[in-house]
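Notes for the one structure printed next.
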Protein chains: 2
Amino acid sequence: MKASVKLKENLKLTAELKSGHDILMDASESAGGDDSAARPMEMLLAGLGGCTGIDVILILKKMKAEIADFSIDIDAERAEKHPKKFEKIHLKYKIKGKNLNDKKVEKAIHLSENKYCSASASLKAEITSSYEIEQTN
Amino acid sequence: MKASVKLKENLKLTAELKSGHDILMDASESAGGDDSAARPMEMLLAGLGGCTGIDVILILKKMKAEIADFSIDIDAERAEKHPKKFEKIHLKYKIKGKNLNDKKVEKAIHLSENKYCSASASLKAEITSSYEIEQTN
């Protein structure tokens with residue numbers, strides 16, 4: 001899997017990705033950047049949430065759940081000292097829809113976090129999770 | 001550090017980030033998505049390249065180098081079996097500018113990869129690097 005990151009100006013970078021979709025990144029003004037795009041460390045959290053989110057949605061759909069609303073709140077703790085890596089990440093899944101129950105949601109989250117999600121498997125942080133279901137008719 | 005990932009439609013997700021910049025992600029058509037935005041696993045590579053890229057540029061600037069062009073080619077190997085995590089990642093830094101030499105570039109890359117880059121410290125993969133310098137007058 002290949003990608004390129006290229007400097008545009010000052011500290012603004014474009015990531016050219018295999019899918020053909022580019023992503024912009026920038027540093028904060030306090031770090032010397034222009035705050036014109038998201039921070040690199042935010043990309044890691046976005047990728048983690050996107051990866052497990054797509055897994056859980058696909059698994060729940062296979063279980064005949066109908067999803068009306070889906071989100072994940074991500075809360076990451078970083079080390080205080082450089083290189084300030086992610087140490088603990090909590091994922092709170094919020095799912096609204098029909099034909100949902102604890103068993104299905106727990107199984108979907110478990111399968112993503114332990115079997116399918118490449119992003120959680122690629123990160124060193126201890127990843128924990130919780131969930132909320134809102135059942136609709 | 002907080003973030004939220006929200007379902008927009010089908011498998012398309014928006015990551016709402018602390019910096020205020022949102023990022024879109026989508027699955028490939030073969031995975032049931034619409035290929036309208038980058039893949040979650042691409043976010044991890046973008047974040048890694050962006051993180052070490054900003055480090056190296058800032059360190060070289062402190063060393064009085066003038067950077068005319070800067071890019072990183074990222075080549076990642078993933079495990080064949082689920083969860084297909086990143087196992088090895090090679091970063092090839094390509095730097096063009098004035099007042100550059102091997103010593104400065106090696107030191108800047110070393111400081112990023114071993115001291116400052118939060119993204120490389122957060123990933124499990126074995127990360128290696130190489131570089132090319134093009135000196136300009």
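The values are calculated or read from the model by the stated rules, or taken from the named source; none is laboratory data. What you see is a predicted model; the values in this text were computed from it and never measured. Cβ: placed from backbone, ideal geometry, glycine included. Neighbour counts: every protein chain shown. Accessible surface areas use protein heavy atoms only, side chains included; no ligands, DNA or RNA. Shrake-Rupley method; radii C 1.70, N 1.55, O 1.52, S 1.80 Å.
What is the interface area between chains B and A, defined as buried accessible area summed over both chains with a 1.4 Å probe, reported in Å² to the nearest 100?
The buried area between B and A, both sides summed, comes to about 5500 Å².
Check each of the GluC sites (Glu not before Pro) in the range B:66-137 and keep only those in coil by DSSP with at most 14 other C-beta atoms within 10 angstrom; list them in order.
The qualifying sites are B:80.
Given the protein chains as shown and a 1.4 Å probe, how many square angstrom of residue B:55 are accessible, to the nearest 10?
Probe radius 1.4 Å; accessible area of residue B:55 about 30 Å².
Please report the carbon-and-sulfur percent of the accessible area for the protein assembly as shown; probe 1.4 Å, protein heavy atoms only, DNA, RNA and ligands left out.
Carbon plus sulfur share of accessible area: 44 percent.
In nm to one decimal, list the spacings between the residue B:29 label point and its equivalents in the other copies, with label points set 7 Å along Cα to Cβ, shortest first.
Distances to the matching label points in the other copies: 4.4 nm.
How big is the protein assembly as shown along each principal axis, measuring the range of its Cα positions in Å and listing the largest first?
70, 34, 27
Under a no-solvent Debye model with one identical scatterer per Cα of the range B:40-135, what's log10 I(q)/I(0) at q = 0.11, 0.19 Å⁻¹?
Results for the range B:40-135 at q = 0.11, 0.19 Å⁻¹ read -0.32, -0.84.
Could you give the accessible area per residue of chain B, probe 1.4 Å, as a whole number in Å²?
Numbers: 6570 Å² over 137 residues.
Using a 1.4 Å probe on heavy atoms only, each residue of chain B averages 48 Å².
Where does helix A:102-111 land angle-wise versus the long Cα axis of chain A, in degrees 0 to 90, nearest 10?
40
Helix-only estimate, please: 222 nm mean residue ellipticity of the protein assembly as shown, summing -39500 (n - 2.57) across DSSP H runs of length 4 or more and dividing by its residues, to the nearest 500.
Values: 6 runs with 76 residues, N = 274.
The helix-only estimate for the protein assembly as shown comes to -8500 deg cm²/dmol at 222 nm.
Put a point 7 Å out from Cα along the line to Cβ at residue A:137; what are the distances to that point in the other copies, in nm, shortest first?
Sorted ascending, the copy-to-copy spacings read 8.2 nm.
Pop out a list of residues from the range A:22-55 that are at least 40 Å² less accessible with all the protein chains around than in their chain alone; 1.4 Å probe, no ligands or nucleic acids counted.
Correct list: A:23, A:40, A:41, A:42, A:43, A:44, A:46, A:54.
If you average the sequence gap of Cα pairs under 8 Å that are 6 or more apart and divide by the length of chain B, what percent do you get for the contact order?
Rounded, it is 19 percent for chain B.
What full-extension length gain, to one decimal in nm, is calculated for residue B:110 and residue B:28 as 0.36 nm per residue of separation minus the Cα-Cα distance? Working shown, then result.
Working: separation 82, 0.36 × 82 = 29.52 nm, distance 3.57 nm.
Here the answer is 25.9 nm.
Every other copy gets compared here: list the nm distances from the residue A:63 label point (7 Å along Cα to Cβ) to its counterparts, shortest first, one decimal.
Copy-to-copy label distances for residue A:63: 5.3 nm.
Put +1 on the Cβ of each Lys and Arg and -1 on the Cβ of each Asp and Glu in chain B; which of B:74, B:99, B:133 then has its Cα farthest toward the positive end of the dipole?
B:99
For the range A:21-72, how big is the tail of P(r) above 15 Å, as a whole percent of Cα pairs?
Tail fraction, whole percent: 60.
What is the helix-to-structure angle for A:40-62, meaning the angle in degrees between its Cα long axis and the longest Cα principal axis of chain A, kept from 0 to 90 and rounded to the nearest 10?
It works out to around 20 degrees.
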